[in-house]
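*Asks:* Would you mind keeping the following structure in view while I ask a few things?
The values are calculated or read from the model by the stated rules, or taken from the named source; none is laboratory data. Computed from a predicted structure; not experimentally measured. Note that we place each Cβ from the backbone using ideal geometry, even for glycine, and neighbour counts take in every protein chain shown. Side chains are part of the model used for accessible areas, which takes the heavy atoms of the whole protein and leaves out ligands, DNA and RNA. Shrake-Rupley method; radii C 1.70, N 1.55, O 1.52, S 1.80 Å.
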Amino acid sequence: MSQELVDARSETRTATRTVHAVCSHDCPDSCGVLVTVDELSGRAVKVQGDPAHPVTRGFLCGKVAKYLDRVYSPDRLLYPMRRRAGVPKGPLEQGREAEAFDRISWDEALDEIAARLKKIAAEHGPESILPYSYAGTIGQLGYGSMDRRFFHRLGASQLDRTVCSSAGGTALLSVYGVKLGTSPEDFAHAGLIIAWGANIHGNNIHLWPFIEEARRNGARLVVIDPYRTRTATLADEHLAIHPGTDTALALGMMHVILREGLEDSEYIERCTRGFAELRAHALKPEHAPEAVAKITGIDAATIERLARVYAAAGRNGRKPAAIRLNYGIQRSENGGTAARTVAMLPLLTGSWTQHGGGFQLSTSGSFPFNSNALQMPELMKASPLGRAARVVNMSRLGQALTQPDAGVGGPPVKALFVYNSNPAAIAPNQNDVLTGMRRADLFMVVHEQFFTDTADYADIVLPAPTFLETKDVQGAYGHLYAQVSAQAIAPLGEARNNVRLFGELGRRMGFEESCFDDREDELIDQALGSGNPWFQGITRERLEREGHVRLTLPVNEAGVTLPFSSPEWFRTPSGRGELVPVPVFAAPVESRANAQQYPLEFLPRKADNYMNSTFANIPLHQRMEAKTAGVLEMHASDAAPRGIVSGHEVEVFNARGRVTLRAHVNGHVGAGVVAARLDWNKLSRDGANVNALTSERLTDLGGGATFYSTLVEVRKA
Ligand SMILES: Nc1nc2c(c(=O)[nH]1)N[C@H]1C(S)=C(S)[C@@H](COP(=O)(O)OP(=O)(O)OC[C@H]3O[C@@H](n4cnc5c(=O)[nH]c(N)nc54)[C@H](O)[C@@H]3O)O[C@H]1N2
Ligand SMILES: Nc1nc2c(c(=O)[nH]1)N[C@H]1C(S)=C(S)[C@@H](COP(=O)(O)OP(=O)(O)OC[C@H]3O[C@@H](n4cnc5c(=O)[nH]c(N)nc54)[C@H](O)[C@@H]3O)O[C@H]1N2
Ligand code: SF4
Ligand SMILES: [Mo]
């Protein structure tokens, strides 16, 4: 098979082969993974990072290095199953979930799903069916292909996928018109690196070697994060900013840069629009370092120094400054504005023009996949609706399931089809989400690899493959290499991927379009067939042969890609970097409404050893995460007045819910801030995780979730 790389050992008759796969978890690194497969048994016996991949560089993160524990876990969901009559929807004991279901065949499962969906569509209109999915896999086929065709043709509600990055994404589009950024390799050439709301060690480990390389050559690393991450402890400087105040900090930096004339006037003139207005705004007294210090908790002298060092980088023989912004800052009420403000900084200093300068939030816009060909939105016209279906914001799932008009007008949600996601654990305002899922009149299907918190509420569960068991094509949001992920092993049990599940279900619904017959290779060809020059020469066959191929982005005389170094890069309507409307700092509604009763800022964080809720059920990963699982991290000045010491059981609560955790008074959070980790509900003490406390309020831009704008109070349990 052409997609397999030749393994030298096969010549010594150990009968293994090595297959190039791609880690499909929702991570910027999209690693190339070499899977060693035993030819006789067909079992994968080893996974390793592809040494030939320029960003993976031969290593995997701790989560995926032992991936076979997850693939071959005895807890895998392997067969279609139907809820046993009389078993109520709700939490099941971990490891014994299958007892609540009866095994059925795929034929029975698909027939029953098709019959139920037809009936619901006939009685309530197809928009009463809500598909709910996110990024369990970010392979193009798994993330959004045949599933979309199916739901479009059905006329089901559309889902606005806002739970992660829509505020920051909208921010990037407003300033740059496209989601591009400095490539990870180029960080090695920086002289100053700012990790701004970026937990690089936890979430983006393959950037770290490039940062280390830069530091060996004299670069400084500054971390701006309210939490003392491992990245922060390893940095030259950690600025523990008050959560939700990044707009103020970035405006304060602009104030100093512009007051002292440190901006790059030539670049600003050539590549931006709205400078005069931004300048007048940033120079207002409310953005002076002393004023900003009060908001951010970072002292005025530090803000001045940071601004000067940032602006001086790249001048007089110094190496440039690169900012790694991650999505942490935009998951709060004014997070869209915060991301816009930070994104404007390199437009003022012109650091885009230098190798090792610029900024990265996401590189996803570098990949011109033809998502229209994959998802075929035009099928909505062929649906019984004959028009585009209504859109439901996934960050308001609780509202969608508990309000008769789904919170957006139209019919109540009568069917929920979940795949690539575990909303019972990851969606905000969990109590409303679970109330909705418990509804006896809600028909619920869950396509999963494991019996998650969400599967506990399903009428029918369907088995899904891991990335070792299916073929896909993938880009990345943290590098510039396209990859094909070959199928390394046969699907376990009766697992079926997105393409097979929704193609077959389309047939059972009586959809006659030939697009429901497309298979993986055809879809991959369609995804790559956008005709965009950045995909020039990148075909399925070539990706199968070479594993990864760098996008053909424009390069300068030295062969270096410098995004936004000239006006041609911008895709805003003006063709320039947009500095208007000027960003305005605002305090969150959560704090205006609740600060008296619930005085503590809550960081409901991702776990370093899980991937959102994925891996939380794997014993190996639980051991790696043991120190922080079920723990509330506090500052001594908040613990003492509440009579709390490390080890105490504490109740964390607000008007939306409560969870019981174990206090740990440590140096990871500052005064007024508490932090805990995302976990599975059924593995948590009171069957609820941190999302029992988060709200369905949306971000200022992009309709995103606001996990990090959460206030709580804490008391001894
Ligand atoms: N190990 C691991 N890796 C992951 C994930 C995981 O769950 N675990 N999740 C993956 C996913 S879904 C994503 S989207 C990516 C990106 O993940 P991110 O969205 O970047 O991850 P977070 O950890 O939420 O946020 C990054 C940092 O921002 C900080 N932060 C929170 N609020 C603020 C604020 O107001 N200001 C500032 N300056 N910082 C703030 C947090 O303390 C955190 O350390 O990571 C992916 N990688
Ligand atoms: N409190 C709090 N909540 C958060 C966050 C936070 O930082 N704090 N982060 C938010 C962010 S950034 C994100 S991106 C979301 C993530 O939310 P989700 O995208 O729901 O992420 P996971 O929890 O990783 O769940 C993904 C599920 O998909 C399954 N899966 C994997 N591959 C496949 C496949 O090929 N097919 C099918 N059918 N299933 C598959 C996995 O087994 C897993 O259970 O969570 C959000 N929620
Ligand atoms: S989770 Fe991220 S770092 Fe880990 S193997 Fe996957 S892509 Fe690489
Ligand atoms: Mo995310």
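*Asks:* Carbon and sulfur together cover what percent of the accessible area of the chain at a 1.4 Å probe radius?
*Replies:* 51
*Asks:* Could you work out the helix-only [θ] at 222 nm for the chain, with each DSSP H run of four or more residues adding -39,500 (n - 2.57) and the total divided by the number of residues, to the nearest 500 deg cm²/dmol?
*Replies:* Only helices count here, giving -7500 deg cm²/dmol.
*Asks:* Can you list the HN-Hα couplings for the range 470-482, worked out from phi with the Karplus curve (6.51, -1.76, 1.60; θ = phi - 60°), rounded to whole Hz and with x for Gly and Pro?
*Replies:* 8, 9, 7, 10, 9, x, 6, 9, x, 7, 10, 10, 7
*Asks:* Same structure, new question: For the range 227-236, what does the Karplus curve 6.51 cos²θ - 1.76 cosθ + 1.60, with θ = phi - 60°, yield as ³J(HN,Hα) per residue in whole Hz, taken in order and with x for Gly and Pro?
*Replies:* 10, 7, 6, 4, 4, 5, 5, 8, 7, 6
*Asks:* If you don't mind, another one. With a Förster radius of 45 Å, plug the Cβ-Cβ distance of residue 65 and residue 519 into 1/(1 + (r/R0)^6) and report the FRET value to the nearest 0.05.
*Replies:* 0.90
*Asks:* Which one of 301, 251, 278 has its Cα pushed farthest toward the positive end of the charge dipole of the range 182-361, where Lys and Arg give +1 and Asp and Glu give -1 at the Cβ?
*Replies:* Highest projection toward the positive end goes to 301.
*Asks:* If you don't mind, another one. Could you work out the relative contact order of the range 392-435, using alpha carbon pairs under 8 angstrom and six or more residues apart, expressed as a whole percent?
*Replies:* 44
*Asks:* What number comes out for accessible area per residue over the chain if the probe is 1.4 Å? Units Å², please.
*Replies:* On a per-residue basis, the chain sits at 35 Å².
*Asks:* Expressed in nm to one decimal, what extension gain is obtained for the pair residue 541 and residue 372 from 0.36 nm per residue of sequence separation less their Cα-Cα distance?
*Replies:* 58.7 nm
*Asks:* Same structure again: Once both labels are modelled 7 Å past Cα along the beta-carbon direction, what's the residue 318-residue 586 spacing in nm?
*Replies:* 3.5
*Asks:* Would you kindly state how much longer the chain becomes between residue 716 and residue 105 on full extension, computed as 0.36 nm times their sequence separation minus their alpha carbon distance, in nm to one decimal?
*Replies:* Full-extension gain reported as 215.0 nm.
*Asks:* Let me ask another. How many nm is it between the label spots at residue 286 and residue 431, if each spot is 7 Å from the Cα in line with the beta carbon?
*Replies:* Those two pseudo-labels are separated by 3.5 nm.
*Asks:* Return the sequence-ordered ³J(HN,Hα) values of the range 195-207 in whole Hz as given by the Karplus equation 6.51 cos²θ - 1.76 cosθ + 1.60 applied to θ = phi - 60°, using x for Gly and Pro.
*Replies:* Once θ is set to phi - 60°, the couplings for the range 195-207 become 8, 9, x, 10, 8, 5, 5, x, 10, 7, 4, 6, 7 Hz.
*Asks:* Right, here's the next one. Based on alpha-carbon centroids, what's the gap between the range 240-286 and the range 459-521 in Å, whole number please?
*Replies:* After rounding, the separation between the Cα centres reads 46 Å.
*Asks:* Moving on. Rounded, prolate or oblate: which fits the range 182-361, taking a ≥ b ≥ c as square roots of the Cα gyration tensor eigenvalues, rounded meaning a/c under 1.5, else prolate when a/b beats b/c?
*Replies:* Note, shape of the range 182-361 comes out oblate.
*Asks:* May I ask what percent, to the nearest 5, of DSSP beta bridges between residues of the range 585-717 are antiparallel?
*Replies:* 65
*Asks:* Still on this model: Could you check the simple spin-label distance between residue 236 and residue 122, using points 7 Å along Cα→Cβ, in nm with one decimal?
*Replies:* 7.0
*Asks:* Set Lys and Arg Cβ to +1 and Asp and Glu Cβ to -1, take the dipole of the chain about its Cα centre, and tell me which of 474, 692, 330 lies farthest positive.
*Replies:* The Cα lying farthest towards the positive end belongs to 692.
*Asks:* Please compute P(r) over all alpha-carbon pairs of the chain, binned at 10 Å starting from zero, and give each bin as a whole-number percent.
*Replies:* 3, 15, 25, 27, 20, 9, 2, 0
*Asks:* I've got another one for you. Under 5 Å between amide H atoms, partner at least 5 residues away or on a different chain: which partners does residue 443 have, H built in plane at 1.01 Å?
*Replies:* Here the answer is 415, 416, since their amide H atoms fall under 5 Å of that of residue 443.
*Asks:* Beta carbons within 10 angstrom, averaged per residue: use that to sort the peptides 608-616, 303-311, highest first.
*Replies:* Highest-to-lowest ranking by the protection proxy: 608-616, 303-311.
*Asks:* What FRET efficiency, computed as 1/(1 + (r/R0)^6) with R0 = 60 Å and r the Cβ-Cβ distance, is obtained for residue 560 and residue 85, rounded to the nearest 0.05?
*Replies:* For residue 560 and residue 85, the calculated efficiency is 0.40.
*Asks:* From the alpha carbon gyration tensor of the range 589-716, can you work out the equivalent ellipsoid semi-axes (sqrt of 5 times each eigenvalue) and give them in Å, largest to smallest?
*Replies:* Taking √(5λ) for each eigenvalue gives 22, 20, 12 Å, largest first.
*Asks:* Antiparallel versus total DSSP beta bridges in the range 632-699: what percent is that, nearest 5?
*Replies:* Of those bridges, close to 70 percent are antiparallel.
*Asks:* Given a cut-off of under 8 Å on Cα pairs at least six residues apart, what relative contact order in percent is computed for the chain?
*Replies:* Taking the mean separation of contacting Cα pairs over the length of the chain, I get 20 percent.
*Asks:* Would you please give the residues with an amide H less than 5 Å from that of residue 195, counting only those at least 5 places away or on a separate chain, with H modeled from the backbone geometry?
*Replies:* Placed amide hydrogens put 222, 223, 224, 324 under 5 Å from residue 195.
*Asks:* Test of understanding: what is the full-extension gain from residue 78 to residue 305, defined as 0.36 nm times their sequence separation minus their Cα-Cα distance?
*Replies:* 76.0 nm
*Asks:* Non-local amide H neighbours of residue 272 (under 5 Å, H modeled in plane, Pro and chain starts lacking H): which ones?
*Replies:* Amide H neighbours of residue 272: 577.
*Asks:* With both partners inside the chain, how many of the DSSP beta bridges are antiparallel, as a percent to the nearest 5?
*Replies:* 50
*Asks:* Only four residue types carry charge here, +1 at the Cβ of Lys and Arg and -1 at the Cβ of Asp and Glu. Report the dipole size of the range 419-573 about the Cα centre in Debye, rounded to the nearest 20.
*Replies:* Approximately 260 debye in magnitude.
*Asks:* What translational D, rounded to a whole number of µm²/s, comes out for the range 282-429 from Stokes-Einstein when the hydrodynamic radius is the Kirkwood one over Cα pairs, at 4 °C and 1.567 mPa s?
*Replies:* It comes out at roughly 64 µm²/s.
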